[in-house]
Amino acid sequence: MWVSGFVILFKDGIIMKENLIKAAMGEIDADLILKGAEVYDVFTGETRRADVAVKDGIICGVGEYSGANEVDVSGKYILPGFIDAHMHIESSMVTPAEYAKAALAHGVTTVIADPHEIANVCGRAGLKFMKENAALAPLDIKFMLPSCVPCAPFDHSGAEFDAADTKELAPDFFGIAEMMNYPGVISCDSEVLGKLVDGKIIDGHAPMLTGRELDAYVCAGIKTEHECTTPEELREKLGKGMYVMLREGTLSKNLDALLAGVTSRNSRFCLFCTDDRFIGEVLKDGSIDLCVQKAVEGGTDIRDAINMATVNAAVCYGLKAGAVAPSYRADLVVCDDIVPKNIRMVYKDGKLVARDGKAVFDIKPAQICAEVMNTVHLDPVTAEFFAHEPSAEFTAIELIPDTIVTKKVRAKRGDKLSKVCVIERHKRTGNKGFAYVTNYGITNGAVASSIGHDSHNVIVIGDNDRDMAAAVNALGADGGIAVCSRGAVKARLTLEIAGLMSAKTAEDVTAAHEELYKTAADVGVNKGIEPFLSLAFLPLPVIPEIRVTDSGLFDVEKFEFI
């Protein structure tokens, strides 16, 4: 287990910090001194040449220091470690410890993680697995307690957390995760309000909520929002006192659109997050470091961009991090330029954890408990299982590139549409719901997945029933993603942990995922549509405008089934 180097000594109930003070005074050696860098100051927006001294995992001084353990970083820049303000590790498709290797290599030293994906499948056992696995690596993972298990009262997940569960579990978690049931909040549903535990930071999730309804939502004590899609929505929510996150995930990319609403006056209440980002993209393009780069390219001042990646999130969540200053955690990013394109070294609690884009620490093999394995409970299906014909004219779902938001459209039988089916996979209820979508474009094939936010029932899409059956059957008890064509399995990624994550390395998972992408293209999936995450979000009944669950087609705006 990784243990922070910061040791606090207790004597007669008084916290003793003598070593830290003496190292700051130069009376004893610091444990580490980074010499001669340009140090960025988040408080003044200035850079200055200085040494950074570290003792017991804490920055003890920024100035002139010398000692036995000096590292020459002259000509480099030192930035605070980056903070991902909201994310789901499960969406990376690897374990927390494996995710840590990729994130730390890109300068991310802290993440605010919501494990509601695995909680919806495995309940408390899933939360226990995530915490125990996270402890194997040095990434600082602040787990929030899922508030919506399931995300809506009519959804069918593998577990349920009510208000009593939430209050019982809350002391062991950093805060309360995104409250997606905004209709329950503004209607004063007692069960929903009972989950908003006093004294805890509460994250929000209220896309397009505005006016009095937004006022009511904020009055419940909800502090953040990561579902803004327009500058106008960003400005309104900032004006209500919320922290707003600019998101750069795999499918949901709101950063570029929202930058138009960010100014030097309001940027201190803006944060960066990745939300749902596949591990292959983290390896290749980065995480919060990429957000900083894109913000600068979009015209944001580099000082505002760095602060959005560091101290703003630290202030929002009450962390003693996000700054290169005395008494702050020694989470440090050493890079060639102030824009963090070439990260040379990353320190977590004063210890080197990554160099030149690679983690330099080892993690023990993960111990995976039986409770999070073999979680897809489905009997084999046949083509007849998917027999379903729409009426002559009907409501369909329009997929929109680069967003999880969908549109309601009218369609006719004979239009070029893809059939979707969501199948309950937790308790063998036999529930299945059908819908038809535009823009997916699959031909002579089907894609099935055990990733179906947030209840994670099996979802399959295709243009013929035989391939849909073959794709679902290919998932087996482990789950994952399968692409079938003409009755044969063409590509497969096994996600044996809750049907969401693999125990393999990030590189192995990325290679398998790339094969899935190639195969999806071979069966005609629209190049403008993310083939797997667009499918995964179709069952999420809290994102406008229209979704499909195992109970059928759902109008999110009216919050009722069609």
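The values are calculated or read from the model by the stated rules, or taken from the named source; none is laboratory data. From a predicted model like this one, the values you see are computed outputs, not experimental measurements. All Cβ positions, glycine included, derive from the backbone under ideal geometry; neighbour counts span all protein chains shown. Ligands, DNA and RNA are stripped out before the accessible areas are found, and what is left, the full protein with its side chains, is counted by its heavy atoms. Shrake-Rupley method; radii C 1.70, N 1.55, O 1.52, S 1.80 Å.
Structural descriptor for segment 414-562: relative contact order 23 percent, calculated from alpha carbon pairs under 8 angstrom and at least 6 residues apart.
Cross-link partners of Lys240 among lysines, defined as those whose alpha carbon lies under 17 angstrom from its own and excluding same-chain residues fewer than eight positions apart: Lys223.
Looking at the chain alone, DSSP beta bridges between its own residues are antiparallel in about 70 percent of cases. Separation of segment 357-386 and segment 116-131, taken as the distance between their Cα centroids, equals 13 angstrom.
For the set Ser391, Ser190, Ser418, the ranking by accessible area, highest first and with no ligand, DNA or RNA atoms included, is Ser190, Ser391, Ser418 under a 1.4 Å probe. What a 1.4 Å probe finds exposed on the chain is 49% carbon and sulfur by accessible area, rounded to a whole percent.
Using C-alpha pairs under 8 Å with a sequence gap of at least 6, the mean separation divided by the residue count of segment 141-260 gives a relative contact order of 19 percent. Between the helical axis of 506-522 and the longest alpha-carbon principal axis of the chain there is an angle of about 30 degrees. Charge tally around Val315: other residues with Cβ under 12 Å, Lys/Arg +1 each, Asp/Glu -1 each, net +3. Taking every protein chain into account, the accessible area of the chain amounts to 38 square angstrom per residue (probe 1.4 Å).
Given axes a ≥ b ≥ c from the Cα gyration tensor, I'd like to know whether segment 208-348 is rounded (a/c under 1.5), prolate (a/b larger than b/c) or oblate. Taking the square roots of the gyration eigenvalues as a ≥ b ≥ c, segment 208-348 is prolate. Taking the C-alpha atoms only, the angle from helix 288-297 to the longest principal axis of the chain is near 90 degrees.
Pairs over the 22 Å Cα-Cα cut-off, from the set Lys284/Lys504; Lys55/Lys320; Lys101/Lys142; Lys17/Lys351; Lys253/Lys504; Lys128/Lys200: Lys253/Lys504. Computed over the chain, relative contact order equals 15 percent, with contacts defined as Cα pairs under 8 Å that lie 6+ residues apart.
With a cut-off of 13 Å between beta carbons, the residues surrounding Lys284 carry a summed charge of -4, where Lys and Arg count +1 and Asp and Glu -1. In this Cβ point-charge picture (+1 for Lys and Arg, -1 for Asp and Glu), segment 418-468 has a dipole of about 220 debye about its Cα centre. Annotation: the chain has a Kirkwood hydrodynamic radius of 24.3 angstrom, from the mean reciprocal C-alpha pair distance. Only bridges with both residues in segment 105-212 count here: give the DSSP antiparallel percent, nearest 5. Percentage antiparallel, nearest 5: 0. Relative to the longest principal axis of the Cα atoms of the chain, helix 124-134 runs at roughly 40 degrees. Here the chain is assigned +1 on the Cβ of each Lys and Arg and -1 on the Cβ of each Asp and Glu. Its dipole about the Cα centre then comes out at about 300 debye.
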